[in-house]
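Here's the structure, in structure tokens; my notes come after.
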Amino acid sequence: MANASFVRTEMIQPMPPPPSTVGLTGWVRKNLFATPGDALLTVLGIAFILWAGPPLYNFLIGNAVFVAEDGAACRVENAGACWAFIWDKMNFFIYGFYPAEEQWRVNICFLLGALLIVPLLWPAAPYKAINAILFFLVYPVIVLVLLRGGMFDLTYVPTEKWGGLTVTLIIGLVGIVCSLPIGILLALGRRSKLPIIRALSIAFIELWRAVPLITVLFMASVMLPLFAPQGVSVDKLLRALIGVTLFEAAYLAEAVRGGLQALPKGQYEAADSLGLNYPKAMGLIILPQALKLTIPGIVNSFISLFKDTSLVSIVGIFDLLNTVQASSSDLRWGSPHQAVTGYLFAAAVFWIFCFGMSRYSIFMERRLDTGHKR
Amino acid sequence: MTAAAEEPHRAAPKSSFFNDPVIRGRIYQGLVLGAVALAIALVAHNTAQNLARQNKTTGFDFFFSTSGFDIFFTLIPYSRTSYYWEAFLVGLLNTLLVSVLGIILATIIGFVIGIARLSRNWIISTLATIYVETLRNIPLLLILFFWYFAVLKAMPSVRESFVLFDSVAINNRGINIPKPIFDGSFHWVVIAFFVALAAVIALRKWSIRRMEATGQRFPLLSTALAILVFIPGVVWLASGINVDLDIPHLAGFNFRGGISLPPEFVALLVGISLYTAAFIAETVRAGILAVNRGQTEAAQSLGLKESDRLRLVIIPQAMRVIIPPMTNQYLNLLKNSSLAAAIGYPELVSVFMGTTLNQTGRAVEVVFITMLVYLTFSLLTSILMNWYNKRVALVER
């Protein structure tokens, strides 16, 4: 007699999900038309895109003028952005008033900076210590000597002639490099057990954080000459650099303090019980962990510092924004969209740098995440 | 074996006094204090010498001399014959005006964008993300320049103004909006409004007490709105007052009547609100995400309905996370309003640190006072914040 019972020996294939929940239809249903309210929002959103998109495209690309001799082509009816104007002024935007025959010096600085910073930021690259020393200590000296000149047969170029993106990057870089150590020291000072050091740190941090950067820059440009001894004149760019650095150091100090406070007390006690002295305990145990925790805060400060470099234009330094602003009244390129085009260009440059920094910080955060989350 | 344990407690071994952490701490502090005092003395000495060399007088007496410059946008009566302290007050009030309006606008936009970024709707959340990521990565000064030079200064001339609804005129000299004119008995409506407000507060107390006692709910929101509209409305109709609108009209070379908002003010307000809104949006998003999902589930399992769940469980916990960084953003907005100096809106820095400093040459005094003003705002805010934090802090066992 044949065996009447039946037992399946292989798994039955699962049924396919209903077509309305997978693929494009499923995605559209879930993300665009989940509820009637959602559907209404989707329709409004699409309407907004249809309303704003085509004019934006026409302005930026469709009707934009890419190649032109002067502003005549941009003055015609319905002309869009005048990119030819940016192209023509590019030299001014990058170098400012730096003499044309000496601009190779700026180019060398850019090139050297790129060659040093790429391996520094790329985690797999070797020789990090040497690289860091070269970038943070040697490179600034080279830049100063090359840009300023006056020695090694290089013509002297006063800082008043520096300008454009060069100055923006110099202020941003010097601000970042100098304010981080000061900020760390201030944060440690604020957490110190010694009352006088703590009080001084708190006073410094709170004073700078309470006032707007523009008053600090005004103060630096008006008062630093008064503070200096007789006969010593402080360079205008240097004044702005000092102002920006001290201002940003106070913000960095608060970011670092957050990291120091987030560390469990056991870490401090462990360092003590190993018999480490204060610098070693901080340098080997506390700061590496605290700084890792504060990467987002520190990078946020760097981003706001880089954006804040644009304020130096108010005290008369020709940074990127100031060169754009100065060119927007150039009569040769006079056209209705001259100013807008200039601002769009400056905005794009700032955006690329700041967005790049924020993405890099997210990348670094993931890489350094050792999974020891408490 | 026990010899070591039974050994009497010995005095600490003699070592160099420098290895005693207390003494060492005192030495370090003494050194730091000395260095700071020396630096301050040096700076003060140099400043005094430099001022003497430039034959400059010092002191705050300049406050009571005539300023001699005009300010085109003032909230209090001011002319070029006014004193410097009046100019200072004009600048301070203009800063406060733009900050208060900016805070209100930025909060509204920021909440909308922040909630939109959390939306399940892909288009809405993408648009909100683009807004936040664009605005956050561009300098505020650039945004102000854009609104001032590229948008408002590029508006048509007075004769070709855009006119909306026959009442709002936009041209390159600013925006003219209608101004309501109240006649004599309007104060009765204001009084009625406050009476209604008091009634609503009393009603709220009563309804809460009743709910705690009996568990019965009272439709508070709709009743309160009805009271707030009804009482002033009845007084309005009964007193028979009418409110005229002073509509701007073209007269000669400019618009007359209404309220005229200069482009500097509009550019600053719009730019600073849109910029700060991007940061507030992120704060709001972080605050809502910080509320644990278990809280929603707990509220559901208690049987709270959707609106109660938001009002009683989610929002109070999210606000605890949102408010401290939000105050920081408000303070940032106040400080950022000083960028108006670049587009010529007469606020504190522009009027006082700009014009007044240039005319009087009293650099030290002017910088000191300006910084003191901002310091005061900052300290007031942090006092307020500490008080709030104590109130809402988690009570831990």
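Select from the range A:282-293 the residues that are surrounded by 14 or more Cβ atoms within 10 Å (Cβ to Cβ) and either more than 15 Å from A:Leu185 (Cβ to Cβ) or among the charged types (D, E, K, R) (or both) and list them in ascending order.
Those that are surrounded by 14 or more Cβ atoms within 10 Å (Cβ to Cβ) and either more than 15 Å from A:Leu185 (Cβ to Cβ) or among the charged types (D, E, K, R) (or both): A:Ile285, A:Gln289, A:Lys292, A:Leu293.
So which pairs qualify, if the first residue must be in the range B:40-53 and more than 7 Å from every other protein chain (Cβ to nearest Cβ) and free of Cβ contacts under 8 Å to residues at least 12 places away in the same chain, the second must be acidic (Asp, Glu) and in a helix (DSSP H, G or I), the Cβ gap must be under 9 Å, and the two must be at least 6 apart or on different chains?
Every condition considered, no pair remains.
All but one of (1) β-branched (Val, Ile, Thr); (2) assigned to a helix (DSSP H, G or I); (3) within 31 Å of the chain's Cα centre (by Cα) hold for B:Ile208, so report the exception by its number.
(3)
Looking for whichever is crowded, with 16+ Cβ neighbours inside 10 Å, within 38 Å of the chain's Cα centre (by Cα) and of a type in the set (A, V, I, L, M) here; the options are A:Ile86, A:Ile46. Which one fits?
Exactly one residue qualifies, and that residue is A:Ile86.
What about B:Tyr374, is it away from chain A (no Cβ under 12 Å), hydroxyl-bearing (Ser, Thr, Tyr) and either closer than 27 Å to B:Ala277 by Cβ or not in a helix (DSSP H, G or I) (or both)?
Against the criterion (away from chain A (no Cβ under 12 Å), hydroxyl-bearing (Ser, Thr, Tyr) and either closer than 27 Å to B:Ala277 by Cβ or not in a helix (DSSP H, G or I) (or both)), B:Tyr374 does not qualify.
For the range B:153-168, state whether one or more residues are assigned to a helix (DSSP H, G or I), at pLDDT below 90 and surrounded by 19 or more Cβ atoms within 10 Å (Cβ to Cβ).
no
Only one of these conditions is not met by B:Pro13: (1) in contact with a helix residue (DSSP H, G or I) (Cβ under 7 Å, 6 or more places away or on another chain); (2) at pLDDT below 80. Which number is it?
For B:Pro13, the failing item is (1).
Residues in the range A:92-113: is at least one free of Cβ contacts under 8 Å to residues at least 60 places away in the same chain and not in a helix (DSSP H, G or I)?
no
Kindly establish whether A:Ala290 is without any contact (Cβ under 8 Å) to a residue 40 or more places away in the chain and within 23 Å of A:Ala84 (Cβ to Cβ).
no
Just to check your reading of the model, which residue among B:Thr81, B:Thr74, B:Thr58, B:Thr66 is within 20 Å of B:Ser260 (Cβ to Cβ), polar (S, T, N, Q) and out of contact with any His (no Cβ under 9 Å at 6 or more places or on another chain)?
Residue meeting the stated conditions: B:Thr74.
Please determine, by comparing only the residues of the range B:104-122 that are outside any loop (DSSP other than H, G, I, E, B) and crowded, with 20+ Cβ neighbours inside 10 Å, which one is nearest to the other protein chains (Cβ to nearest Cβ).
Looking at residues that are outside any loop (DSSP other than H, G, I, E, B) and crowded, with 20+ Cβ neighbours inside 10 Å, I get B:Ala116.
Within the range A:125-239, which helices (runs of 4 or more DSSP H) (wholly inside it) include 3 or more residues that are away from every other protein chain (no Cβ under 11 Å) and crowded, with 19+ Cβ neighbours inside 10 Å?
A:139-148, A:164-190
So the check is Cβ under 7 Å with 6+ separation or different chains; which pairs have a first residue in the range A:114-141 that's under 22 Å from A:Asp369 (Cα atoms) and a second one that's exposed (fewer than 11 other Cβ atoms within 10 Å of the Cβ)?
A:Pro123/A:Arg367
Restricting to the range A:337-353, give me the number of residues that are more than 19 Å from the chain's Cα centre (by Cα) and more than 7 Å from every other protein chain (Cβ to nearest Cβ).
Of the residues in that region, 4 qualify.
From the residues in the range B:28-68 that are touching a helix residue (DSSP H, G or I) at 6+ places or on another chain (Cβ under 8 Å) and assigned to a loop (DSSP other than H, G, I, E, B), which one is nearest to B:Phe352 (Cα to Cα)?
Across the range B:28-68, the extreme among qualifying residues is B:Ser67.
Could you tell me whether A:Ile295 is within 19 Å of A:Leu252 (Cβ to Cβ) and in contact with a Cys (Cβ under 6 Å, 6 or more places away or on another chain)?
In short, no.
Checking A:Gly356 against (1) at pLDDT 85 or above; (2) more than 10 Å from every other protein chain (Cβ to nearest Cβ); (3) surrounded by fewer than 19 Cβ atoms within 10 Å (Cβ to Cβ), which single condition isn't satisfied?
(2)
For A:Phe93, are the conditions met, namely being within 25 Å of the chain's Cα centre (by Cα), within 14 Å of chain B (Cβ to nearest Cβ), within 22 Å of A:Ile171 (Cβ to Cβ) and surrounded by 14 or more Cβ atoms within 10 Å (Cβ to Cβ)?
Criteria met by A:Phe93.
Where in the range A:254-334 are the helices (runs of 4 or more DSSP H), entirely inside, with at least 3 residues that are within 13 Å of chain B (Cβ to nearest Cβ)?
By residue number, A:295-308, A:320-327.
In this structure, does A:Phe33 turn out to be part of a loop (DSSP other than H, G, I, E, B), within 14 Å of chain B (Cβ to nearest Cβ) and of a type in the set (A, V, I, L, M, F, W, C)?
Answer is yes for this residue.
The values are calculated or read from the model by the stated rules, or taken from the named source; none is laboratory data. Because the structure is a prediction, the values reported are computed rather than measured. With ideal geometry, Cβ positions are generated from the backbone for all residues, glycine too; neighbour counts draw on all protein chains shown.
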